[in-house]
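Taking it in order: structure first as structure tokens, then the write-up.
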Amino acid sequence: MITWINGAFGSGKSTLAAGLHQALPGSVVADPEEIGDLLRRTLTGHPGKLRDYQDYPAWRRLTTAYISEIAAHTSGHVLVPMTVLNPAYAAEVFTPLRRSPGLVHLVHLVLHVEPDELKTRIDASEEFPGDETRSEAVRAYRRRRAVDYAAAATAWMHAEGHVIDTSALPAHAVLQAALSRISPAHPVTADGARP
């Protein structure tokens, strides 16, 4: 099974992926941002370099191949924390993954956060403890992309994904909601542990 965790930047995708990884024995976390970082480094100084790595057709093809191969190799649950706002890009990645031989299921979770709460979370985040300059750069990026998420949520994402509104939920409740969506036969308690 593949669980793609989508949503606003700063909505808790990585936190949920880490919680699911602990709760689902044999699962792995596959982060396509690493492919984006590789493309950024490779194309530094090249005239064909793009600002957003998701705009590279290579990122979408490599991401599909990477996740598909990891799923085939592990025969387990692959957790993918990655915001994809462009519906064409999502289709380009999700469609071949859904057709991968041996794949049981692809679940598209969308972590939603109301705008005021998202702003509060972004303002309080510290991605690089001790490095305020880098942390503020991440916060600024997330603030800029909040409008893009809101537009994508309305246009397609909420209609095509399983939405978990995390606005008022603590991390363990988000984990429980996600587990009930992807593994209803394996509930967890309120503290995130298996009963």
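The values are calculated or read from the model by the stated rules, or taken from the named source; none is laboratory data. From a predicted model like this one, the values you see are computed outputs, not experimental measurements. All Cβ positions, glycine included, derive from the backbone under ideal geometry; neighbour counts span all protein chains shown. Heavy atoms of the whole protein, side chains included, go into the accessibility calculation; ligands, DNA and RNA do not. Shrake-Rupley method; radii C 1.70, N 1.55, O 1.52, S 1.80 Å.
Taking the full set of protein chains and a 1.4 angstrom probe, give the accessible area of Glu92 in square angstrom, rounded to the nearest 10.
70
Keeping the other protein chains in place, figure out the carbon and sulfur percent of the accessible area of the chain, with a 1.4 Å probe.
57
Given only helices, namely DSSP H runs of n ≥ 4 each adding -39500 (n - 2.57), what is the per-residue ellipticity at 222 nm of the chain, to the nearest 500 deg cm²/dmol?
Calculated from helices alone, the mean residue ellipticity at 222 nm is -15500 deg cm²/dmol.
Would you list Lys13, Lys119 from the most to the least accessible area, probe 1.4 Å?
Lys119, Lys13
Work out the FRET efficiency for Ser14 and Asp131 from their Cβ-Cβ distance, taking R0 = 25 Å, and round it to the nearest 0.05.
So, using R0 = 25 Å, E works out to roughly 0.90.
Taking the Cα centroid of the range 24-43 and of the range 157-177, what is the distance between the two, rounded to the nearest whole Å?
So the separation of the two Cα centres works out to 23 Å.
Suppose a student asked you for the relative contact order of the chain, using Cα pairs under 8 Å spaced at least 6 residues apart; what percent would you report?
30
Sum up the charges of everything whose Cβ sits under 15 Å from the Cβ of Glu160, counting Lys and Arg as +1 and Asp and Glu as -1, but leave Glu160 out.
+1
Who wins for biggest fluctuation among Val29, Val138, Val78 in a Gaussian network model of the chain, springs between alpha carbons below 10 Å?
Comparing Val29, Val138, Val78 in a Gaussian network model of the chain, the most mobile one is Val138.
Put a dot 7 Å past each Cα toward the Cβ at Asp148 and Leu50; how far apart are the dots in nm?
So the label points at Leu50 and Asp148 sit 1.1 nm apart.
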